[in-house]
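Inspection log for the structure reproduced underneath, given as structure tokens.
The values are calculated or read from the model by the stated rules, or taken from the named source; none is laboratory data. Bear in mind the structure is a predicted one, so any value in this text is a computation, not a measurement. Note that we place each Cβ from the backbone using ideal geometry, even for glycine, and neighbour counts take in every protein chain shown. The area values use the complete protein model at the heavy-atom level, side chains included, leaving out ligands, DNA and RNA. Shrake-Rupley method; radii C 1.70, N 1.55, O 1.52, S 1.80 Å.
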Amino acid sequence: QVQFVESGGGLVQAGGSLRLSCAASGMTLSANAISWYRQAPGKQREWAAVISRGGAPKYTGSVKGRFTISRDNAKNTVYLQMNSLKPEDTGVYYCNQVPFFNDYWGQGTQVSVSS
């Protein structure tokens, strides 16, 4: 059974940085495209960034230039470096494969950005 585990969230002031980690049991992350998603309070979950099997990143427009997705194959971990954080980045961040499987969602990690 595949299970994603997200970590690294926290409370930061606007302009600050966080690095999120995504680990997975039962899956080799480098064999799949992996995405980060986020869900703001009262809103639907939205896609934020993806890293392809080949390591190519893509971002949604609102995070482009501020967030960087990367992968450490030796640690079987995908990261999301988030810089210049804004209050609108607040939410629970999740990772999943592409396309996502509902059974694979983890608990997510809470990111809170204060103004």
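Taking the chain as a Gaussian network of alpha-carbon nodes connected by springs under 10 Å, the highest mean-square fluctuation of the residues 70, 25, 17 belongs to 25.
Comparing 79, 104, 93 in a Gaussian network model of the chain where C-alpha atoms under 10 Å apart are linked, the largest mean-square fluctuation is found at 104. 3J(HN,Hα) couplings calculated from phi for segment 47-62 with the Karplus curve 6.51 cos²θ - 1.76 cosθ + 1.60 (θ = phi - 60°) are, in sequence order, 6, 10, 7, 9, 10, 6, 4, x, x, 7, x, 9, 9, 6, x, 6 Hz; Gly and Pro show x.
Using C-alpha pairs below 8 Å separated by at least 6 residues, the relative contact order for the chain is 37 percent. The portion of the accessible surface of segment 10-103 made up by carbon and sulfur, rounded to a whole percent, is 49 (1.4 Å probe; DNA, RNA and ligands excluded).
Distance between the C-alpha centres of segment 1-56 and segment 82-115: 6 Å, rounded to the whole angstrom.
Assuming R0 = 22 Å, can you tell me the calculated FRET efficiency for the pair residue 86 and residue 56, based on Cβ-Cβ distance, to the nearest 0.05?
Working: r = 25 Å, r/R0 = 1.15.
Computed FRET efficiency for residue 86 and residue 56: 0.30.
Residue-wise HN-Hα couplings along segment 109-114, as the Karplus relation 6.51 cos²θ - 1.76 cosθ + 1.60 with θ = phi - 60° gives them from phi, are 10, 7, 10, 10, 10, 9 Hz; Gly and Pro carry x.
Excluding same-chain neighbours fewer than eight residues apart, the lysines reachable from residue 86 by a Cα-Cα span under 21 Å are 43, 58, 64.
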